[in-house]
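If you scroll down you'll find the structure; I have some questions about it.
The values are calculated or read from the model by the stated rules, or taken from the named source; none is laboratory data. The structure presented is a predicted model; accordingly, all values stated were derived computationally and were not measured. A quick note on method: Cβ atoms are made from the backbone with ideal geometry, for glycine too, and the neighbour counts reach across all protein chains shown. What goes into the accessible areas is simple: the full protein's heavy atoms, side chains included, and nothing from ligands, DNA or RNA. Shrake-Rupley method; radii C 1.70, N 1.55, O 1.52, S 1.80 Å.
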Amino acid sequence: MVNMNVNLCGIWLDNPVIPASGTFGYGYEMAEHYDINILGTFSFKGTTLEPRFGNPTPRIAECPAGLLNAVGLQNPGVDKVISEELPLLRQVFHKPVMANISGFSLEEYTEVARRLDKEEGIGWLEINISCPNVHGGGMSFGTDPKAAAAVTRAVKAVTTKPVIIKLTPNVTDIVSIAKACEEAGADGLSLINTLLGMRFDLKTRQPLLANTTGGLSGPAVFPIALRMVYQVAQAVRIPVIGLGGVSSARDVLEMLTAGATAVQVGSANLINPAACKEIIEELPKVMEQYGFTEVKTVTIAGR
Amino acid sequence: MTQQTLTILHNTPLASGVFRLELAGLDPAEPLAPGQFVNLQIPGFFLRRPISVCDAAGGVLTLIYKSVGEGTRVLSELPPGHSLDVLTGLGRGYDLEKAGRAPLLVGGGAGIPPLYFLAKELLRQGITPRVLLGFNTAAECFYEAEFTALGAETTLVTLEGSRGQKGFVTDHLPKDFTHFYACGPLPMLKALCRATEAPGQLSLEERMGCGFGACMGCSIQTARGPKRVCKDGPVFHREVLGW
């Protein structure tokens with residue numbers, strides 16, 4: 001028997017598999033397809049203070065082994081998330097969920113965190129300082145160690161829930177940002193968000209995305225994600241959630257080997273709605289194949 | 001939504017750049033409604049390709065698609081016997097209860113296929129629709145005979161009049177219809193809404209990430225707030241769109 005349990009910032013997960021924010025809505029759409037309570041947890045759609053429509057379409061462009069997206073944080077705003085989305089979420093998911101928070105100012109991050117802190121059923125606050133598809137917020141907090149630390153401190157001051165900072169790969173030195181967040185009190189880190197990219201339509205000679213640029217995700221980014229998770233896991237003591245192109249149980253095991261405590265699955269959910277279910281079923285077999293009996297040992301060996 | 005593995009029976013050219021794909025092995029337990037779409041995984045491509053249902057009967061799914069890019073070009077070269085991973089039963093289709101006694105079906109080019117499934121279903125319910133099909137050129141025309149064979153009064157229109165009537169579909173709208181059902185290029189759909197006050201429903205197209213409501217990749221602004229083309233649509237009542 002393989003022991004899949006992992007402790008993520010003081011909360012136990014039945015297994016390390018977590019659908020990533022923005023690929024799983026608020027859970028209930030996917031619950032039409034399978035019982036999502038088999039998941040370790042999931043990170044719900046990035047939530048801001050005010051409702052946001054996001055960017056114009058096209059928001060999606062295909063790439064070899066992945067896609068670009070420029071959704072731009074579409075969400076109904078924190079109050080409607082609390083009044084409309086969370087009640088539906090609680091009907092289909094009975095474990096602590098990860099709340100994903102985005103913002104355009106320190107005040108916005110803290111206000112959304114303050115409101116979600118009161119909500120039952122939310123286990124962790126995942127703070128997205130890495131969205132590449134909005135202007136004047138998002139990623140600008142994640143590319144500077146001082147700004148990243150400031151967001152971390154501000155959010156920590158208004159919540160008792162574990163705070164996980166989601167980092168961008170669009171930086172020269174991700175380790176310095178990770179360390180700054182740890183020193184500012186972050187309980188965990190998740191990485192990587194998408195890599196900034198673009199594509200052109202040769203017929204129109206215009207960018208394919210209405211937003212011009214978008215975030216690259218999918219198997220194409222997996223080696224970059226692994227490298228960054230490895231570098232960060234070596235440099236900090238807090239748990240690291242590895243994500244970026246994870247598509248199979250083997251990929252999960254490789255992320256754990258790089259030092260991740262848990263693993264998020266993003267783009268794979270979009271092309272195969274049963275991706276996480278299949279990964280959870282496959283993971284014990286793949287672990288046995290490589291001689292592992294518990295998930296946490298893989299992580300410890302990697303750090 | 002169901003994930004199914006279907007096998008290619010036929011995959012043959014139907015008109016210039018247009019192909020008909022028949023897939024065997026469709027689970028008869030899952031009902032498909034006119035206006036719904038499926039999402040096909042094409043070997044070598046990351047994202048699926050959403051294609052509306054042209055017909056579903058006897059375990060065979062019929063799709064008609066236009067070869068517009070690399071993905072659909074590769075699809076058009078797949079031989080019979082090849083298996084495809086298909087997500088079926090996606091989206092909200094046409095609302096048939098609003099048809100009235102004399103509905104009008106208006107299709108443009110690659111937007112015509114879902115109207116065939118709709119016409120069949122309306123006729124099964126004892127309602128005979130009139131059908132108005134628009135194409136750019138004679139070489140692109142398809143399915144006039146199939147609609148006629150169903151028993152629907154069918155008018156064909158081409159831009160320069162090389163086949164059927166000349167002009168746009170909006171130049172040939174009948175006067176007395178109870179409700180319209182449309183699918184086609186965005187300029188055609190908007191022109192149709194300008195040309196008539198009648199109630200109606202329109203099927204929209206958008207680049208999609210997932211096709212089942214998870215990613216917000218295909219959201220549009222409507223008179224009733226943001227809607228996902230894949231999950232809340234692809235068919236919308238005109239008043240929802242505010243057109």
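With a point put 7 Å past each Cα toward its Cβ, work out how far B:Leu186 is from B:Glu146 in nm, to one decimal.
That separation, rounded to one decimal, is 2.7 nm.
So how much accessible surface do B and A hide from each other in total, probe 1.4 Å, in square angstrom to the nearest 100?
Buried surface at the B/A interface: approximately 2500 Å².
Can you tell me the order of B:1-12, A:90-101 when each peptide is scored by its average per-residue count of other Cβ atoms within 10 angstrom, highest first?
Descending packing order for the listed peptides: A:90-101, B:1-12.
I've got another one for you. So what's the gap between the Cα centers of the stretch A:227-303 and the stretch B:172-243, to the nearest angstrom?
About 42 Å separates the Cα centre of the stretch A:227-303 from the one of the stretch B:172-243.
Let me ask another. Among A:Ile82, A:Leu39, A:Gly54, whose Cα sits farthest toward the positive end of the charge dipole of the stretch A:1-92 (+1 at Cβ of Lys/Arg, -1 at Cβ of Asp/Glu, about the Cα centre)?
Highest projection toward the positive end goes to A:Gly54.
Going 7 Å from the Cα of B:Ala102 toward and past its Cβ, which residues in the stretch B:130-174 have a backbone nitrogen under 17 Å from where you end up?
Within reach of a label on B:Ala102: B:130-132, B:152-155, B:172-174.
Relative contact order, percent, of the stretch B:96-203 when contacts are C-alpha pairs under 8 Å separated by at least 6 residues?
30
Here is a follow-up. How big is the charge dipole of the protein assembly as shown about its Cα centre, in debye rounded to the nearest 20, if each Lys and Arg gets +1 on its Cβ and each Asp and Glu gets -1 on its Cβ?
That gives the protein assembly as shown a dipole magnitude of about 800 debye.
So which residue, out of B:Val131, B:Val74, B:Val229, gets the largest mean-square fluctuation from a GNM of chain B using Cα contacts under 10 Å as springs?
B:Val74
With point charges of +1 on the Cβ of Lys and Arg and -1 on the Cβ of Asp and Glu, referenced to the Cα centre of the stretch A:77-211, which listed residue (A:Gly142, A:Ile101, A:Thr204) lies farthest in the positive direction of the dipole?
A:Thr204
Over the stretch B:60-158, average the accessible area per residue using a 1.4 Å probe and give it in Å², no decimals.
I get 38 Å² per residue for this part.
For the protein assembly as shown, what proportion of DSSP beta bridges, expressed in % and rounded to the nearest 5, is antiparallel?
55
Let me ask something else. What's the FRET efficiency of B:Glu30 with B:Val68 using the Cβ-Cβ distance as r and R₀ = 22 Å, to the nearest 0.05?
According to the calculation, E is roughly 0.20.
Under a 10 Å cutoff between Cα atoms, tell me which one of A:Gly244, A:Gly215, A:Gly266 has the largest fluctuation in the Gaussian network model of chain A.
Among A:Gly244, A:Gly215, A:Gly266, the largest mean-square fluctuation in the Gaussian network model of chain A belongs to A:Gly215.
If the viscosity is 1.002 mPa s and the temperature 20 °C, what Stokes-Einstein diffusion coefficient in µm²/s follows for the protein assembly as shown when Rh is the Kirkwood radius over Cα pairs?
87
With the solvent-accessible surface defined on protein heavy atoms using a 1.4 Å probe, which residues belonging to the stretch A:7-26 display a reduction of at least 20 Å² in accessible area in the multichain context relative to the isolated chain?
A:Gly22, A:Gly25
Please report the equivalent ellipsoid semi-axes of chain B, computed as sqrt(5 x eigenvalue) of the Cα gyration tensor, largest first, in whole Å.
Computed over chain B, the values are 27, 21, 18 Å.
To the nearest whole number, what is the average tally of beta carbon atoms from other chains within 10 Å of the beta carbons of peptide B:183-195?
On the way: counts 0, 0, 0, 0, 0, 0, 0, 0, 0, 0, 0, 0, 0.
Averaged over the peptide's residues, the number is 0.
Tell me, which residues of the stretch B:34-69 get at least 50 Å² less accessible area when the other protein chains come in, versus the chain alone (1.4 Å probe)?
The answer is B:Phe46, B:Leu47.
I'd like the mean, over residues of B:200-211, of how many other protein chain beta carbons sit within 10 Å of each residue's own Cβ.
That works out to 4 on average.
Under 16 Å from a point placed 7 Å out from the Cα of B:Asp95 along the Cα-to-Cβ direction: which residues of the stretch B:151-181 have their backbone N that close?
B:178-181
Just how large is the dipole of the stretch B:2-90 about the Cα centre, in debye to the nearest 20, putting +1 at every Lys and Arg Cβ and -1 at every Asp and Glu Cβ?
240
Given the stretch B:96-203, what percent of its DSSP beta bridges are antiparallel, to the nearest 5? Write down the numbers at each step before the final one.
Values: 0 of 22 bridges.
Beta bridges within the stretch B:96-203, antiparallel portion: roughly 0 percent.
Using 5 Å bins from zero, what percent of all Cα-Cα pairs in the stretch B:2-90 falls into each bin?
The percentages, shortest bin first, are 3, 15, 28, 30, 17, 6, 1.
Moving on. Looking at the stretch A:195-301, which chymotrypsin sites (Phe, Trp or Tyr not before Pro) are DSSP coil and have at most 12 other C-beta atoms within 10 Å of their C-beta? Intermediate values should be presented prior to the final figure.
Details: sites: A:Phe200, A:Tyr230, A:Tyr290, A:Phe292; in loops: A:Tyr290, A:Phe292.
Taking the stretch A:195-301 and a limit of 12 other Cβ atoms within 10 Å, the loop chymotrypsin sites (Phe, Trp or Tyr not before Pro) found are A:Tyr290.
State the percentage of accessible surface on the stretch A:1-87 attributable to carbon and sulfur atoms; use a 1.4 Å probe and exclude ligands, DNA and RNA.
Values: 1490 of 2790 Å².
Answer for the stretch A:1-87 is 53 percent, counting heavy atoms of protein chains only.
So, R0 is 35 Å and r is the distance between the beta-carbons of B:Ser162 and B:Val60; what FRET efficiency does that work out to, to 0.05?
Result of the calculation: an efficiency of 0.60.
Still on this structure: What residue among A:Glu62, A:Glu182, A:Glu254 has the largest mean-square fluctuation in a Gaussian network model of chain A, using Cα springs under 10 Å?
In the Gaussian network model the winner is A:Glu62.
Something else: Using helices alone, what [θ] at 222 nm do you get for chain A, with -39,500 (n - 2.57) per DSSP H run of 4 or more residues, divided over all residues and rounded to the nearest 500?
It lands at -9000 deg cm²/dmol.
From Cα pairs below 8 angstrom and at least 6 apart in sequence, can you work out the relative contact order of the stretch B:184-243, rounded to a whole percent?
Values: 77 pairs, mean separation 21.2, N = 60.
With pairs under 8 Å counted, the relative contact order is 35 percent.
Please state the relative contact order of chain B as a whole percent: Cα pairs under 8 Å, 6+ residues apart?
The normalised contact order for chain B reaches 18 percent.
Indicate, rounded to the nearest 5 percent, the antiparallel portion of the DSSP beta bridges found entirely in chain B.
Values: 38 of 61 bridges.
The antiparallel fraction comes to roughly 60 percent.
Order A:72-85, A:12-25 from most to least packed using the mean count of other Cβ atoms within 10 Å. Working shown, then result.
On the way: A:72-85: 18.8, A:12-25: 24.8.
Put in order of decreasing packing, that is A:12-25, A:72-85.
Give me the inter-chain shielding for A:267-274: mean count of other chain Cβ atoms within 10 Å, whole number please.
6
What Rg and what Dmax come out for the stretch A:65-148 when only alpha-carbon atoms are used, in angstroms?
14.0, 40
Let me ask you something else. Just how large is the dipole of chain A about the Cα centre, in debye to the nearest 20, putting +1 at every Lys and Arg Cβ and -1 at every Asp and Glu Cβ?
560
Once you compute Rg and the Kirkwood Rh from C-alpha atoms, what is the Rg to Rh ratio for chain A?
Ratio of gyration radius to Kirkwood radius: 0.94.
Once the Cβ-Cβ distance between A:Arg227 and A:Glu119 is put in as r, and R0 is 35 Å, what FRET efficiency do you end up with, to the nearest 0.05?
Efficiency for this residue pair is about 0.50.
Let me ask something else about it. May I have the extent of the alpha carbons of the stretch B:96-203 along their three principal axes, as whole Å values ordered from largest to smallest?
35, 30, 22
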